[in-house]
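Q: The structure that follows is given in the form of structure tokens.
The values are calculated or read from the model by the stated rules, or taken from the named source; none is laboratory data. Computed from a predicted structure; not experimentally measured. Note that each Cβ is placed from the backbone with ideal geometry, even for glycine, and that neighbours are counted across all protein chains shown.
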There are 2 protein chains.
Amino acid sequence: MEVFAGVDVGGTNIVCGLVSSAGQVVHKLKRPTEAGRGPDAVLERIAAMIEEAVASYRGEDGQPVTLAAAGIGLPGLVDPEEGIAKFAGNLGWRDLPAASRLKARLQLPVFIDNDVRTYVFGEALYGAGAGTGHVIGVTIGTGIASAMVNEGSLFYGFRHMSGELGHIVMEGLSDPCPCGLTGCLETYASASGMVRQARKAIESGEPTVLRSWFPGERLAELTAADLSRAYDQGDALAVSILERAGSLLGRALSYAVSLNSPEMIIIGGGGALAGNRIMKPLEQELMSRILPDYRDRLKIVPAMHNDDAGVTGSAMYAKHKYTALSGSIQDSKA
Amino acid sequence: MEVFAGVDVGGTNIVCGLVSSAGQVVHKLKRPTEAGRGPDAVLERIAAMIEEAVASYRGEDGQPVTLAAAGIGLPGLVDPEEGIAKFAGNLGWRDLPAASRLKARLQLPVFIDNDVRTYVFGEALYGAGAGTGHVIGVTIGTGIASAMVNEGSLFYGFRHMSGELGHIVMEGLSDPCPCGLTGCLETYASASGMVRQARKAIESGEPTVLRSWFPGERLAELTAADLSRAYDQGDALAVSILERAGSLLGRALSYAVSLNSPEMIIIGGGGALAGNRIMKPLEQELMSRILPDYRDRLKIVPAMHNDDAGVTGSAMYAKHKYTALSGSIQDSKA
């Protein structure tokens, strides 16, 4: 059985999976990233995890699997053509030739790309978007990012820098963003942004059940999941924060629809676990701001594989790159 | 000498040009569209104009030219794959198989697409964007539309409906748009929108030199060019309308930059003749709303061939389609 390795590298953990040609995760490992030990140590850990996954897994027929290629989803700015991790703040990486190093170490075709792109690639082709031609995917997490897949291909833009949905400057927002701009969508609508807004409101004395749940110093423990819990008890602050986040996302996505005409929008990442608490106001705002011709056909859906989409996406990204590469080698031989 | 015909079909006039392989317009005709005579009459006029252009032109060597293919830029919603003009309000066309009809009539490969796309295609590859990989082009006219060219290919989106920059709903605008939405960018920032805002202000008694230029009934004659004239005399109303239009365009384009990361933005169409009166506030607003990494590299430029871009674009669009077609026929023969 031929498989593809998909690796999702986060600031905290690395997840490595073996994925069938059809996009099924058949085996999975998770290890801490320990980025503080430096890029070489992290690359070695990725390579060792891929080897361990292959060595420890047997297919349904009891035989070892054959690894065709590996795909790695990395945070930050990635040049997938050159195989270079240009900049990843939370890993402390800059201009790291990750693809060539891993390729030399593993003796295997290795492809890298930004983790939001590989995630959306996986969801668009093997998840919620399977069978859909034009997909925009959004991840709501520490920040907000987007990626676009058209007829099976990722869209990159100049210097591979498309997809900064979270840094659209929204009217009516006044918080500074670490990027240097003021009023970026993600200062309010990302999971971290929502938590920050809640903390600010609690510190300024707004009435909320969250104060009794997280008294004093414990306020630092508040997470986006707690906002959903408070929302379900009808807490006015939690309701207003989640609805405003959904509404802002809907407004920003209306710009994406008018410009790029997707057939489907997929909402993923940790913040999407808020489900309809965010999706309802998002959909309402978005639909009220786009031409009727879009409105009648656009599908807005949650991601299908929130946990595995990064792994599936990275592996299937590698499969597509590998297949294209094999095809062009065949062509040049013909 | 091999040439390509490029035809730009407007509500008022049809312009037909012969264009060299290098993108030079060598010969050009203009005739009224007379859309009221029906689609068959307009298609026959297009065909006759192409034949007349070829018959009446001799190359530098005095020899007749060879016509390889024709490209037609049509207003409204076009399906370039099926060759169908889906909907064009100002021509009264709906689901017209324009490409196959013209192909049968002319015995020639004929390709059609939306006129903003062919215009931007021409500007991106043979005009202001020559040598640039990722281009977003905007036309400011009766409405506002956009198109995107990536590494030599037009971006379409689902149902070929991308590029509705003019129907982005902007915060702070309250005019209804004929599309059914309220506050669309083009209600204020298109050439027609600016003129409408000026008329409204004049009727409500705002002080402006325009009132003396267009007293009473003559107000109907006011055009966007008059706003530029009044701007140059320091007229406060004209200054505020042109600056607001530029600033709104800059804000809407900041969304396009964050989502799609173009290397260059080209501003064309009649409204772009206002030049720096619009470009300055546009650039200022746009640059203040995008990540520093975009700001350092983005080029914002006026269209190079405002008059001929439609013709050049349609012809070069045909050339690219024709070359791809010839290539795939060669491939299937091989």
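Q: Among the numbered conditions (1) modelled with pLDDT of 95 or more; (2) not in a strand (DSSP E or B), tell me where residue A:146 comes up short.
A: Going through the list (1) modelled with pLDDT of 95 or more; (2) not in a strand (DSSP E or B), residue A:146 breaks only (2).
Q: I would also like to ask the following. Return the residues of the range A:240-272 that are more than 20 Å from residue A:117 (Cα to Cα) and crowded, with 22+ Cβ neighbours inside 10 Å; say none if nothing qualifies. Lay out the reasoning, then the answer.
A: Keep residues of the range A:240-272 that are more than 20 Å from residue A:117 (Cα to Cα), which gives A:240-248, A:250-251, A:254, A:258.
Within the range A:240-272, A:241, A:242, A:245, A:246, A:248, A:250, A:251, A:254, A:258 meet the criteria.
Q: Mind checking which residues of the range B:109-123 are under 17 Å from residue B:20 (Cα atoms) and among the aliphatic types (A, V, I, L, M)?
A: Scanning the range B:109-123 gives a single hit, B:110.
Q: Report, by residue number, each residue of the range B:262-293 that is at pLDDT 95 or above, touching a Pro at 6+ places or on another chain (Cβ under 8 Å) and in a helix (DSSP H, G or I).
A: B:279
Q: Of everything in the range B:164-175, what is more than 7 Å from chain A (Cβ to nearest Cβ) and buried (at least 16 other Cβ atoms within 10 Å of the Cβ)? Give them in sequence order.
A: Once the filter is applied, which keeps residues that are more than 7 Å from chain A (Cβ to nearest Cβ) and buried (at least 16 other Cβ atoms within 10 Å of the Cβ), the range B:164-175 yields B:166, B:170, B:173.
Q: Can you tell me which residue is farthest from the other protein chains (Cβ to nearest Cβ) among those in the range B:176-201 that are touching a strand residue (DSSP E or B) at 6+ places or on another chain (Cβ under 9 Å), within 22 Å of residue B:254 (Cα to Cα) and of a type outside the set (A, V, I, L, M, F, W, C)?
A: Taking the candidates together, the pick is B:193.
Q: Quick check, is residue B:76 at positive phi, within 12 Å of chain A (Cβ to nearest Cβ) and surrounded by fewer than 23 Cβ atoms within 10 Å (Cβ to Cβ)?
A: Values: at positive phi: yes; within 12 Å of chain A (Cβ to nearest Cβ): yes; surrounded by fewer than 23 Cβ atoms within 10 Å (Cβ to Cβ): yes.
It is true that residue B:76 is at positive phi, within 12 Å of chain A (Cβ to nearest Cβ) and surrounded by fewer than 23 Cβ atoms within 10 Å (Cβ to Cβ).
Q: When the residues of the range A:116-162 are filtered to those that are small (Gly, Ala, Ser) and at the interface with chain B (Cβ under 8 Å from one of its Cβ atoms), which remaining residue is nearest to residue A:270 (Cα to Cα)? First the steps, then the outcome.
A: Within the range A:116-162, the subset small (Gly, Ala, Ser) is A:122, A:124, A:127-131, A:133, A:137, A:141, A:143, A:145-147, A:152-153, A:157, A:162.
Checking the rest, the ones that are also at the interface with chain B (Cβ under 8 Å from one of its Cβ atoms) come to A:133, A:146, A:157, A:162.
Details: A:133: 25, A:146: 14, A:157: 26, A:162: 21 Å.
Result: A:146.
Q: Quick one: count up the residues across the range A:12-30 that are touching a Gly at 6+ places or on another chain (Cβ under 6 Å) and either surrounded by 18 or more Cβ atoms within 10 Å (Cβ to Cβ) or free of Cβ contacts under 8 Å to residues at least 12 places away in the same chain (or both).
A: First, pick out the residues of the range A:12-30 that are touching a Gly at 6+ places or on another chain (Cβ under 6 Å): A:17, A:19, A:25, A:28.
Now narrow it down to the ones that are either surrounded by 18 or more Cβ atoms within 10 Å (Cβ to Cβ) or free of Cβ contacts under 8 Å to residues at least 12 places away in the same chain (or both): A:17, A:19, A:25.
Final tally of qualifying residues: 3.
Q: Please go through the range B:273-303 and pick out each residue that is in contact (Cβ under 8 Å) with a residue 60 or more places away in the chain, away from every other protein chain (no Cβ under 14 Å) and surrounded by fewer than 20 Cβ atoms within 10 Å (Cβ to Cβ). Give the derivation first.
A: So in the range B:273-303, the residues in contact (Cβ under 8 Å) with a residue 60 or more places away in the chain come out as B:278, B:299, B:301-303.
Applying the additional criterion that residues be away from every other protein chain (no Cβ under 14 Å) yields B:278, B:301-303.
Once the filter is applied, which keeps residues that are in contact (Cβ under 8 Å) with a residue 60 or more places away in the chain, away from every other protein chain (no Cβ under 14 Å) and surrounded by fewer than 20 Cβ atoms within 10 Å (Cβ to Cβ), the range B:273-303 yields B:301, B:302.
Q: May I ask you to list the residues in the range B:105-139 that are of a type outside the set (A, V, I, L, M, F, W, C) and either assigned to a strand (DSSP E or B) or surrounded by fewer than 24 Cβ atoms within 10 Å (Cβ to Cβ) (or both)?
A: Of the residues in the range B:105-139, the ones of a type outside the set (A, V, I, L, M, F, W, C) are B:105, B:107, B:109, B:113-115, B:117-119, B:122-123, B:126-127, B:129, B:131-134, B:137, B:139.
Scanning the range B:105-139 gives B:105, B:107, B:109, B:113, B:114, B:126, B:131, B:132, B:133, B:134, B:137, B:139.
Q: Taking the range B:228-261, which residues are within 13 Å of chain A (Cβ to nearest Cβ), not aromatic (Phe, Trp, Tyr) and not in a loop (DSSP other than H, G, I, E, B)? Spell out the reasoning first.
A: Our first condition is that a residue be within 13 Å of chain A (Cβ to nearest Cβ); within the range B:228-261, this holds for B:247-248, B:250-261.
Next cut, not aromatic (Phe, Trp, Tyr) only: B:247-248, B:250-254, B:256-261.
Within the range B:228-261, B:247, B:248, B:250, B:251, B:252, B:253, B:254, B:256, B:257, B:258, B:259, B:260 meet the criteria.
Q: Just the residues that are in contact (Cβ under 8 Å) with a residue 24 or more places away in the chain, surrounded by 15 or more Cβ atoms within 10 Å (Cβ to Cβ) and not in a helix (DSSP H, G or I), please, taken from the range B:186-227.
A: B:190, B:208, B:209, B:222, B:223
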